[in-house]
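Chemist: Input: one structure, supplied below.
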Amino acid sequence: VRVENWPEDALPAAREFQPDLIMLDVMMPRLFGGDVASQLRADPALKDTPIVFLSAAVRKERVTEHDGVIHGFPFLAKPASLEDVVAFIERHLAK
């Protein structure tokens, strides 16, 4: 596991770390999470890495209404239990 707190560090960190899955928040300082996801998708080495949004910016009801996918990305609404997060990660790593 690797944590980056600044969105502008996400792309270089992901290039170096080569994660199996990337979890992003929507609301981040200086850059929107969707913009970070676009940068990651545009990188040939990272374009197939699953990206999951874990965010309080979206209500659980909205996530449910959209079958857990918003703007083409899996979403998990905060607050989420550890069990929910682990199950969500396992489900998306399986793909």
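Chemist: When residues of segment 27-78 are filtered for being closer than 15 Å to A14 by Cβ and among the polar types (S, T, N, Q), how many remain?
Modeler: Going through segment 27-78 one residue at a time, the tally reaches 3.
Chemist: Counting only residues that are in contact with a strand residue (DSSP E or B) (Cβ under 7 Å, 6 or more places away or on another chain) and among the aliphatic types (A, V, I, L, M), which one in segment 30-55 is farthest from A94 (Cα to Cα)?
Modeler: The residue in question is V36.
Chemist: Is there any pair with a first residue in segment 37-48 that is closer than 15 Å to P7 by Cβ and free of Cβ contacts under 8 Å to residues at least 24 places away in the same chain and a second that is exposed (fewer than 12 other Cβ atoms within 10 Å of the Cβ) and among the charged types (D, E, K, R) whose Cβ atoms are under 6 Å apart and which are 6 or more apart or on different chains, and what are they?
Modeler: Close Cβ pairs satisfying both conditions: R41/K47.
Chemist: If I go through segment 40-53 residue by residue, how many of them are touching a Lys or Arg at 6+ places or on another chain (Cβ under 9 Å), part of a helix (DSSP H, G or I) and open to solvent by 20 Å² or more (accessible area, probe 1.4 Å)?
Modeler: 1
Chemist: Ok, one more. State all residues of segment 8-29 that are acidic (D, E), assigned to a loop (DSSP other than H, G, I, E, B) and surrounded by 13 or more Cβ atoms within 10 Å (Cβ to Cβ); if no residue qualifies, say none.
Modeler: Hit for segment 8-29 is D25, nothing else.
Chemist: Let me ask something else. List, please: which pairs have Cβ atoms under 6 Å, are six or more places apart or on different chains, and start with a residue in segment 16-31 that is more than 22 Å from A45 (Cα to Cα) and of a type outside the set (D, E, K, R) and end with one that is modelled with pLDDT under 90 and open to solvent by 50 Å² or more (accessible area, probe 1.4 Å)?
Modeler: So the pair list comes out as V26/A57; M27/A57.
Chemist: Has segment 30-39 got any residue that is surrounded by 11 or more Cβ atoms within 10 Å (Cβ to Cβ), touching a Lys or Arg at 6+ places or on another chain (Cβ under 9 Å) and among the polar types (S, T, N, Q)?
Modeler: Checked against the condition, which is being surrounded by 11 or more Cβ atoms within 10 Å (Cβ to Cβ), touching a Lys or Arg at 6+ places or on another chain (Cβ under 9 Å) and among the polar types (S, T, N, Q), segment 30-39 yields no hits at all.
Chemist: Okay, next question. Suppose the filter is part of a loop (DSSP other than H, G, I, E, B), over 12 Å from the mean Cα position of the chain (by Cα) and surrounded by 15 or more Cβ atoms within 10 Å (Cβ to Cβ); does V58 pass it?
Modeler: yes
Chemist: Search segment 72-93 for residues that are surrounded by 14 or more Cβ atoms within 10 Å (Cβ to Cβ) and pair each with any residue that is of a type in the set (A, V, I, L, M) and assigned to a helix (DSSP H, G or I) when their beta-carbon atoms are under 6 Å apart and the residues are at least 6 apart or on different chains.
Modeler: That search, which allows pairs on different chains as well, returns F75/V63; A77/V63.
The values are calculated or read from the model by the stated rules, or taken from the named source; none is laboratory data. Just so it is clear, the model here is predicted, and its values are computed rather than measured. Please note: Cβ atoms are built from the backbone with ideal geometry, for glycine as well, and neighbour counts cover all protein chains shown. All accessible areas refer to the heavy atoms of the entire protein, side chains included, with ligands and DNA or RNA removed. Shrake-Rupley method; radii C 1.70, N 1.55, O 1.52, S 1.80 Å.
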